[in-house]
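Before any comments, here is the structure.
The values are calculated or read from the model by the stated rules, or taken from the named source; none is laboratory data. None of these values were measured; they are calculated from a predicted model. Positions of Cβ are generated from backbone atoms using ideal geometry, with glycine treated the same way; all protein chains shown enter the neighbour counts. These area figures cover heavy atoms from the full protein model, side chains too; ligands, DNA and RNA do not enter into them. Shrake-Rupley method; radii C 1.70, N 1.55, O 1.52, S 1.80 Å.
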Amino acid sequence: MNDSMIRDISLAEEGMQRIRWVENFMPALNHLREDFIKEQVFKGKTIVMSIHLEAKTAYLALTLKAAGADVIVTGSNPLSTQDPIAAGLVSQGVTVYAWHGCTDEEYTMFLNKALDHKPHIIIDDGGDLVNLLHTTRKDARERLIGGSEETTTGIHRLKNLERNGRLAFPMIAVNDSYCKYLFDNRYGTGQSAWDGIIRSTNLTVTGKTVVIAGYGWCGKGCSMRAKGLGAHVIVTEVDPIKAIEAVFDGFDVMPMDEAAPLGDIFLTVTGDINVIVEKHFLKMKNGAICANAGHFDVEVSKKDLDRICTSHYEARKNIEGYVLPNGKTVYLMAEGRLVNLAAGDGHPAEIMDLSFAMQALAASYLCQHAGELRPHLYLLPRELDRRIAEIKLRSMGYAIDTLTQEQQDYLNQE
């Protein structure tokens with residue numbers, strides 16, 4: 001088991017069964033995998049990944065390993081790690097430090113143990129590895145070429161580092177690639193968040209009033225899917241442009257103060273803190289359900305619920321009931337953590353195929369340009385986005401037109 005720290009190695013076969021399942025539905029990553037294995041593009045490189053440890057991310061880890069990397073994996077959220085997946089990876093020679101439901105202290109310990117391997121490349125999801133490498137673990141940067149970031153929250157943290165002149169190594173904003181955010185955030189979060197809510201509550205969405213906090217790409221996807229499931233959708237926003245877009249897309253828009261008494265289900269996807277707080281809980285209907293699909297558990301204030309409730313209890317698995325001073329009960333899903341991963345299986349495999357093909361290309365790009373890139377937040381070249389989209393289209397049986405020389409000349413004329 002090398003020096004891995006996981007819950008139970010006997011779960012390995014169950015984990016590998018899940019990983020083999022998603023492998024069948026990730027043609028873009030499989031296409032890259034064949035090329036990477038032939039070329040051994042990561043031979044001699046150590047790659048540390050802080051990720052939501054489930055089947056699709058595990059297959060990315062195995063792809064990098066098959067291409068020559070020494071891969072070390074830890075979680076990016078205490079509740080999103082799936083113990084069978086962790087065991088499956090260890091059985092394939094990947095070093096893993098993670099288990100489901102770890103404490104905050106254990107979570108930090110796992111991150112540090114992963115960084116003890118002194119990575120050449122990091123793949124981060126939310127920015128916790130980057131934060132350590134800029135604070136208490138600068139020693140782990142001695143071989144670091146650079147890294148990539150998977151999610152919007154992590155990109156915000158990286159932009160702040162760069163803005164303040166503190167970013168110490170090159171990072172690639174994979175989240176900002178078209179083949180990531182247009183599909184992962186919109187269609188991935190849109191489906192997986194509702195999958196987690198529906199399977200955990202065993203309730204209908206149709207006929208309910210759903211409040212979506214935030215109308216970025218994730219909010220667009222969650223709103224679209226709620227509407228498709230038959231809900232009446234209210235959007236809350238702070239950006240007037242996004243608010244107009246929500247109105248033009250057919251949704252009601254209002255402040256959270258006004259939406260709080262109306263909603264049956266609340267879903268936050270803003271990436272910011274304290275979106276739903278005490279004053280909102282006290283206005284909610286009896287039985288209102290709160291869930292979060294933003295990266296960190298800060299959008300729905302669990303602290304406020306703990307402070308003002310007269311009692312709380314486990315209502316169902318992944319659902320906590322809070323009895324408020326007014327006698328009403330408000331439910332919080334998955335401790336306010338990512339509902340699609342803490343209470344579900346995360347994004348569909350076909351969606352993560354695009355995201356993780358981009359992650360694999362980002363790691364390859366860093367290797368190819370080692371020593372050339374200054375500390376900066378980079379976008380992958382647009383042609384890599386197009387390459388992945390073309391591979392995906394072919395795998396789905398679609399073909400598109402190509403420009404004639406005459407058309408190209410017309411577009412290029414001054």
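How big is the convex hull of the Cα atoms of segment 93-143, per residue, in Å³?
89
Express the accessible area of segment 317-370 per residue in Å², computed with a 1.4 Å probe while the remaining protein chains stay in the model.
For segment 317-370, the per-residue accessible area is 28 Å².
For the pairs K56/K317; K279/K328; K220/K302; K56/K180, note any where the Cα-Cα span goes beyond 18 Å.
K56/K317; K220/K302
Cross-link partners among lysines for K138, C-alpha distance below 27 Å, same-chain residues fewer than 8 apart left out?
K43, K45, K65, K113, K118, K159
Efficiency by 1/(1 + (r/R0)^6): what FRET value for D8 and V247, r their Cβ-Cβ distance, R0 = 45 Å, to the nearest 0.05?
The computed FRET efficiency comes out at 0.35.
Hey, what's the per residue convex hull volume over the C-alpha atoms of the chain, in cubic angstrom?
168
With an 8 Å Cα cut-off and a minimum separation of 6 or more residues, compute the relative contact order for the chain in percent.
Reported relative contact order: 17 percent.
For segment 232-350, rounded, prolate or oblate, judged on the Cα gyration tensor with a ≥ b ≥ c (square roots of eigenvalues), a/c < 1.5 rounded, else prolate if a/b > b/c?
Oblate, because a/c is 1.5 or more while a/b does not exceed b/c.
Can you tell me how segment 345-413 classifies by the Cα gyration tensor, rounded, prolate or oblate, using a/c under 1.5 as the rounded cut?
Taking the square roots of the gyration eigenvalues as a ≥ b ≥ c, segment 345-413 is oblate.
Out of the DSSP beta bridges found with both residues in the chain, what percent are antiparallel (nearest 5)?
Percentage antiparallel, nearest 5: 20.
So, in Å, what gap is there between the alpha-carbon centers of segment 1-51 and segment 122-175?
23
Between E162 and S395, how many nm apart are label points set 7 Å from Cα along the C-beta direction?
Simple spin-label model gives 2.8 nm for this pair.
Can you work out ³J(HN,Hα) from phi for every residue in segment 167-182, in order, using Karplus 6.51 cos²θ - 1.76 cosθ + 1.60 and θ = phi - 60°, giving whole Hz and x for Gly and Pro?
5, 9, 7, x, 10, 9, 7, 4, 4, 8, 6, 3, 6, 9, 6, 5
What's the extension gain from N112 to Q17 if we count 0.36 nm per residue and subtract their Cα-Cα distance?
Between N112 and Q17, full extension yields 31.3 nm more.
If you keep only loop residues by DSSP, which GluC sites (Glu not before Pro) in segment 131-232 have at most 10 other Cβ atoms within 10 Å of their Cβ?
Here the sparse-neighbourhood loop sites are E142.
Let me see the pair-distance distribution of segment 249-304: every alpha carbon pair, 5 Å bin width, integer percents in order.
4, 20, 30, 28, 14, 4, 1
Specify which residue in the list Y313, L115, F251 is farthest towards the positive end of the charge dipole of the chain, using unit charges on the beta carbon of Lys, Arg (+1) and Asp, Glu (-1), about the Cα centre.
Y313
Please give every one of the aspartates and glutamates within straight-line cross-link reach of K283, meaning a C-alpha to C-alpha distance under 18 Å, and leave out same-chain neighbours fewer than 8 residues apart.
D257, E258, D264, E299, D304, D306
Of the accessible area of segment 1-95, with the probe set at 1.4 angstrom, what percent is carbon plus sulfur?
48
Whenever you get a sec, compute what percent of the accessible area on segment 200-340 sits on carbon and sulfur atoms (1.4 Å probe).
54
Segment 134-222: which trypsin sites (Lys or Arg not before Pro) are DSSP loop and have at most 12 other beta-carbon atoms within 10 angstrom?
Listed in order of number, the matching sites are R143, R166.
Restricting to DSSP H runs of at least four residues, report the calculated mean residue ellipticity at 222 nm for the chain, -39500 (n - 2.57) per run over all residues, nearest 500 deg cm²/dmol.
About -12000 deg cm²/dmol.
I need the shape label for segment 58-135. Rule: rounded when a/c is under 1.5, else prolate if a/b > b/c, else oblate, with a, b, c from the alpha carbon gyration tensor.
Oblate shape, in that a/c is at least 1.5 and b/c is the bigger or equal ratio.
Roughly how big is segment 172-290's charge dipole about its Cα centre, with Cβ charges of +1 (Lys, Arg) and -1 (Asp, Glu), in debye to the nearest 20?
For segment 172-290, the charge dipole is close to 360 debye.
Given a 1.4 angstrom probe, what's the average accessible area per residue across segment 1-132, in square angstrom?
I get 35 Å² per residue for this part.
Quick one: net charge of G44's neighbours, Cβ under 14 Å, K/R +1, D/E -1?
Summing Lys/Arg as +1 and Asp/Glu as -1 gives +3.
Got a sec? Which residues in segment 201-227 would a label at D272 touch, if it sits 7 Å along Cα→Cβ and we count backbone N under 13 Å?
Label zone hits: 213-216.
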